[in-house]
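The next block holds one structure in the form of structure tokens; read it before the comments.
The values are calculated or read from the model by the stated rules, or taken from the named source; none is laboratory data. If you're wondering where the values come from, they're calculated on a predicted model, not measured in any experiment. With ideal geometry, Cβ positions are generated from the backbone for all residues, glycine too; neighbour counts draw on all protein chains shown.
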């Protein structure tokens, strides 16, 4: 047992010292540069702990910064320069984000699709659903069916526009990538886009890149037993890239199969070959990440990005956060389709968000088209379904320094949902709506 019992967080709070967090941080940096040997990370962690203990007085509680400095030193001294660089880069990124939050950075982000945002805001304003008050007023006037119709029409117009753009590039096109952060509606949009392209004679062959996950035990894991499988490196990117290049050449490849129940991948399971006029369709969280399509000509790829880009202000005048919408969506989907406790979804979300900020959001403006999957009427549905649970999570995590992220998110979402008139009748939601992907009852086959 370590002589060090506590560590001081940046907030000043004291929390129990858990060496597993150091191991996980080192291993995550190793995975980012291709390393997969957790035992090496464990050995390096032991050196970090020994260094801390060698200079510790009774009741010594090191700060997060002190520990991170020693980690960098140990990595370099042991010849792990690439891992040290990945660790330092990640640490610098986190420091930059903290500084931006502290300063309430006013400069427009280059990762926001501003032209699309202004179009959506104009649409929301014209339909009086750019504020929670406006949404509630329309619901009180019995206009919920109109809101649903208006929202679905705007989304389907986006899908139609994307299909027309894909069709215009069909001469050279070999791959269509539908990407976006977790629970942005990729599955439903992929089906709808495929339906439209099929009507104009385009043949789409789906490559499910989820089958390229590494075995679960090869992913970083924290002290709570939660695996970080949200990063691009959770996928065998080199194998995906190899298979894509071979498929484009007309060769046959054997696709692996990933068993999500056991967390294991089985190689060479399903033969796949595409015809001369076929297009590979990829629905992937990390489809915009360069390593996945490395070596493939840009004109052979069409990149489509999804996000619930809702433009609605809450009662405090702040815009509803897109990540909160997706968090609720994922909770509902995980609970209904994957028998996954929504509490675990909330506790895991910091991994989701961290990976998005590093590996998805920076590539938004490299895409060919952006689809807004937000439905203003989904918030009243979530109020009816989730309000009480978010209240419970606020009570559960309040004052727990180890669950600050979960508390902050739960508290923010609870305040939002508390201000919205609930919609308990889901029968008026169209069977092919993107929202059905999360609340269930879709007429589409997923």
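Every condition in (1) touching a helix residue (DSSP H, G or I) at 6+ places or on another chain (Cβ under 6 Å); (2) farther than 24 Å from residue 405 by Cβ; (3) at pLDDT 90 or above is met by residue 291 except one, and the failing one is (3). Does residue 217 fit the bill of being assigned to a helix (DSSP H, G or I) and at pLDDT below 90? So residue 217 fits the description; yes. Checking 22, 67 one by one, the residue that is modelled with pLDDT of 75 or more, buried (at least 19 other Cβ atoms within 10 Å of the Cβ) and under 26 Å from the mean Cα position of the chain (by Cα) is 22 and no other. The residue that is surrounded by the fewest Cβ atoms within 10 Å (Cβ to Cβ), among those in the range 159-207 that are assigned to a loop (DSSP other than H, G, I, E, B) and free of Cβ contacts under 8 Å to residues at least 24 places away in the same chain, is 171. Within the range 70-91, being exposed (fewer than 14 other Cβ atoms within 10 Å of the Cβ) and either in a helix (DSSP H, G or I) or touching a residue at least 60 places away in the same chain (Cβ under 8 Å) (or both) holds for 77, 81, 89. Applying the set (1) more than 23 Å from residue 192 (Cα to Cα); (2) in contact with a helix residue (DSSP H, G or I) (Cβ under 8 Å, 6 or more places away or on another chain) to residue 376 leaves exactly one unmet item: (1).
Remark: residue 184 matches the filter, which requires a residue to be farther than 23 Å from residue 300 by Cα and modelled with pLDDT of 90 or more. If you go through the range 231-266 and pick out every residue that is over 15 Å from residue 290 (Cα atoms) and part of a loop (DSSP other than H, G, I, E, B), you end up with 8. Does the range 421-429 include one or more residues that are surrounded by 16 or more Cβ atoms within 10 Å (Cβ to Cβ) and assigned to a helix (DSSP H, G or I)? No, the conditions are met nowhere in the range 421-429.
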